1. Checking the condition at pLDDT below 85, more than 20 Å from L25 (Cβ to Cβ) and among the hydrophobic types (A, V, I, L, M, F, W, C), which residue from F302, F324 passes?
2. Might you let me know whether the stretch 127-138 holds any residue that is acidic (D, E), farther than 27 Å from V175 by Cβ and modelled with pLDDT under 85?
3. Filtering the stretch 387-401 down to residues that are hydroxyl-bearing (S, T, Y) and at pLDDT 90 or above, which residue is surrounded by the most Cβ atoms within 10 Å (Cβ to Cβ)?
4. Applying the selection to the stretch 165-176, what residues are surrounded by 16 or more Cβ atoms within 10 Å (Cβ to Cβ) and either of a type in the set (S, T, N, Q) or over 13 Å from I150 (Cα atoms) (or both)?
5. For the stretch 181-211, which residues satisfy the criterion of being under 17 Å from N254 (Cβ atoms), surrounded by fewer than 18 Cβ atoms within 10 Å (Cβ to Cβ) and among the aliphatic types (A, V, I, L, M)?
6. Identify the single condition in (1) farther than 22 Å from L363 by Cα; (2) at pLDDT 85 or above that L446 does not satisfy, given that it satisfies every other one.
7. Working only within the stretch 422-463, note down all residues that are loosely packed, with under 14 Cβ neighbours inside 10 Å and under 26 Å from V232 (Cβ atoms).
Amino acid sequence: MELKQYLKMSQQLVMTPQLQQAIKLLQLSRVELQETIGQELLENPVLETNDLPEARDAADVEKSIDNAKEAPVEDVRAVDDNQMDWEQFVENYNQYSYSPGSGSVRYNDDDMPTLEQTLASHESLQDHLDWQLGVTQFTDQERIAAERIIGNISDDGYLNGDVIPAIAEDMGMEVDELEAVLEVIQLFDPVGVGARDLRECLLVQAKHFYPRDDVVHAIIADHLENLEKRNVQAVLKDLDIDIVDLGSAAQIINTLEPRPGRGFAGDDTHYITPDVYVHKMGDEYVVVLNEDGMPKLRISNFYENRIKAKKASGDEKNFIQDKFKSAVWLIRSIHQRQNTIRKVTESIVRFQREFLDKGVEFLRPLILRDVADDVGMHESTISRVTTNKYVHTPQGIFELKYFFNSRIESTDGLDVASESVKQKIKQMIAKEPKKKPLSDQKICDLLAADGMKIARRTVAKYREAMHIPPSSKRKKLF
């Protein structure tokens, strides 16, 4: 064994902090980008924001589109921080600013919702139950117990079965006393709230709304599982009723609410603000960035004057230069992000022109490499750009990733997008006979007749992805 020295050449990608920042900004959603800019404004005294420019009407949109297309997409790795002449930079700092509006669309006040439309107060299920508790006659101990019961009711309106014994033991009350309190709560609006399971929930509603319908009560109490499995004969034999009575009872049960808290579940509502708009102007589609709410960034005049007057020295000068670098890279990275989103969306529009004209059935198969080759970028960049970014089109609002679909072979030689196949399956099921729903194999055969080569298991996978039950669960008996 011996030690030797030798030279070796190799290539490697060095991820500088600036490049990491550019990549990070590229994959941020609109809300996350606004939060990042806000945080940078707090931490970097060199960076500041002006008031947003005045709103523009639709007549300015086409002109701003042309300006946006002329703006180059800069390579964030093209600048050497150590060689930058910061005094020269200060003299020309205006070019290092970010002003929303280039290629963006803004609306006049007349196009925006009124103040009343933007203000809303959502009442939670617990608030609604607490209000009813306040006007219900209970003893002090029962009221405390009722408050604890209501506090344990889930957003769906259900109560864990172990809660009542636990509260009874903790408060020194009998379980029967707690059950009596719970029975009152279950008759609060919405009726059935506080039930321990589906059977109890539906039974409380049935006895409240249909107090004399013993058949409905009996089916819910003893035959919910048979009803779900379409085991009609077992129900008819046990209850000694005919098919007409069973059909009437089933229709009543279908009107009951299996999730009493559904009407108060407002916390799951998500509001999407598009990152980009696609407008049809004449026979062409144009891409317009939505930069409403994006701050106008610039370099602080105070620190500009400090550098120009050469008043800063030593640690202060180093501090200002570091903050200048951070501000420059942030602004450049935002420019690059917005221009990249615009270029990628324009490419998607070129590929998916038929979708924009005619709808989901005409969505083309598309993969990341297709767009990457079209715009001259890497597939990983396209993936980052299309994640958590939304586009408003004449067909609705979609995530940019929606337009990327696998290919399904067809007999005419023209491939079909998987999303388009899902839409066809959904339409077939919507039009199927209710008493004789289409099986997965039948759907497969119908698609084959339309020239689409697709396996039965693929049909089942697509159906499950759309949360559509199998034919046995879709069948209507009455």
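The values are calculated or read from the model by the stated rules, or taken from the named source; none is laboratory data. Computed from a predicted structure; not experimentally measured. Here the Cβ is made from the backbone with ideal geometry for all residues, glycine too, and neighbour counts use every protein chain on show.
1. None of the other options fit; the residue is F302.
2. no
3. T393
4. A168, M173
5. Once the filter is applied, which keeps residues that are under 17 Å from N254 (Cβ atoms), surrounded by fewer than 18 Cβ atoms within 10 Å (Cβ to Cβ) and among the aliphatic types (A, V, I, L, M), the stretch 181-211 yields only L198.
6. It fails just one condition, (1).
7. Once the filter is applied, which keeps residues that are loosely packed, with under 14 Cβ neighbours inside 10 Å and under 26 Å from V232 (Cβ atoms), the stretch 422-463 yields A430, K431, P433, K434, K435, K436, Q441.
Yes/no matrix, rows are residues, columns are (1) part of a loop (DSSP other than H, G, I, E, B); (2) in contact (Cβ under 8 Å) with a residue 24 or more places away in the chain; (3) of a type in the set (A, V, I, L, M):
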site	(1), (2), (3)
E183	no, no, no
R199	no, yes, no
K207	no, no, no
A221	no, no, yes
L227	no, yes, yes
G247	no, yes, no
